[in-house]
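Accompanying notes for the structure given below.
The values are calculated or read from the model by the stated rules, or taken from the named source; none is laboratory data. Keep in mind that this is a model prediction, so the values were computed, not measured. Don't worry about glycine lacking a Cβ; one is built from the backbone with ideal geometry, like all the others, and counts go over all protein chains shown.
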């Protein structure tokens, strides 16, 4: 029986623990949480009352706040931590991993300071003597719906085709389908940048705009994601697939999206600090907006939606003025 260590017990990490316990292959699953209260909740009541209440975790899932205990003997390390904590946690994890273990990142963000994708952070942190096997997992997947058993399809990407196939086989189950992809750049960037566009989608709802506005935003948002992804080595086919368009549509339209919810509240006039202060979970799109804007500037890529969301989040621009700026840009061909 293969052991899977899930590092991060937010709603997504907890949902993955539940769905992987239903996969075709039996697993021992170790769920690591930073908060001892989550560990106690899972051990005593079999529920993560803080981040995913109402969903019982199977007996195959054990919870711990000891990261060495979580990782010991694991064949797959599944990282589900916020992007800003990735480097520190992988620095603790990688010296402990078993030889040949797979590192799978399910974090949908960029490291704020370095602008690196999380697989790149893993590569930097790993020692020169380690031959790390790294993959990234992304796609349209709300945690609550995955935990409920709603049919869900996502992508597992790696430059190592055999690793992608291995994880696909280990993780797939009756309600959880994985497609392999060799374009880890595009998969990680799609998962990160779609959160920026989702904030903008929320802003349009908060301002009271309708479906016309949302459809235009999603379409032009995909254009931005694709320009940046291709410039950094990704593929257009990836941006048109589950990790690109699929996740973008879900995050821009679904009421369970944290990033969209931030945008809704901004559109209604609330301040970012107040919104973030009232949230227990992380909205990755907020720091990713700054990272994406800097990347676009470095690459000479035009990303007007990202630019306007940066102005709203970090420069005090009124959301209605940001939408007006987008509409009054220089006219051009599609």
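Selection of strands (runs of 3 or more DSSP E) fully inside the stretch 9-89 by the criterion of at least 2 residues being under 19 Å from residue 118 (Cα atoms) and either within 22 Å of the chain's Cα centre (by Cα) or at pLDDT 95 or above (or both) returns 76-79. Can you spot a residue in the stretch 165-174 that is touching a residue at least 60 places away in the same chain (Cβ under 8 Å) and either within 28 Å of residue 276 (Cα to Cα) or out of contact with any strand residue (DSSP E or B) (no Cβ under 9 Å at 6 or more places or on another chain) (or both)? Scanning the stretch 165-174 turns up at least one residue that is touching a residue at least 60 places away in the same chain (Cβ under 8 Å) and either within 28 Å of residue 276 (Cα to Cα) or out of contact with any strand residue (DSSP E or B) (no Cβ under 9 Å at 6 or more places or on another chain) (or both).
Could you tell me whether residue 280 is out of contact with any helix residue (DSSP H, G or I) (no Cβ under 8 Å at 6 or more places or on another chain), part of a loop (DSSP other than H, G, I, E, B), within 28 Å of residue 8 (Cβ to Cβ) and modelled with pLDDT under 95?
Against the criterion (out of contact with any helix residue (DSSP H, G or I) (no Cβ under 8 Å at 6 or more places or on another chain), part of a loop (DSSP other than H, G, I, E, B), within 28 Å of residue 8 (Cβ to Cβ) and modelled with pLDDT under 95), residue 280 qualifies.
Assess whether residue 92 counts as being touching a helix residue (DSSP H, G or I) at 6+ places or on another chain (Cβ under 9 Å) and either modelled with pLDDT under 95 or assigned to a strand (DSSP E or B) (or both). So residue 92 fails the test. Summed over the stretch 194-212, the residues that are part of a helix (DSSP H, G or I), over 16 Å from residue 111 (Cα atoms) and in contact (Cβ under 8 Å) with a residue 12 or more places away in the chain give a count of 10. For residue 311, the criteria (1) farther than 29 Å from residue 8 by Cβ; (2) in a loop (DSSP other than H, G, I, E, B) hold in every case but one, which is (2). The residues listed here are 17, 9, 33, 60; of these, the one that is surrounded by fewer than 23 Cβ atoms within 10 Å (Cβ to Cβ) and in contact with a strand residue (DSSP E or B) (Cβ under 8 Å, 6 or more places away or on another chain) is 60.
Any residue that is in contact with a helix residue (DSSP H, G or I) (Cβ under 6 Å, 6 or more places away or on another chain), closer than 30 Å to residue 76 by Cβ and surrounded by fewer than 23 Cβ atoms within 10 Å (Cβ to Cβ) - is there at least one of those in the stretch 205-218? For the stretch 205-218, residues in contact with a helix residue (DSSP H, G or I) (Cβ under 6 Å, 6 or more places away or on another chain), closer than 30 Å to residue 76 by Cβ and surrounded by fewer than 23 Cβ atoms within 10 Å (Cβ to Cβ): absent.
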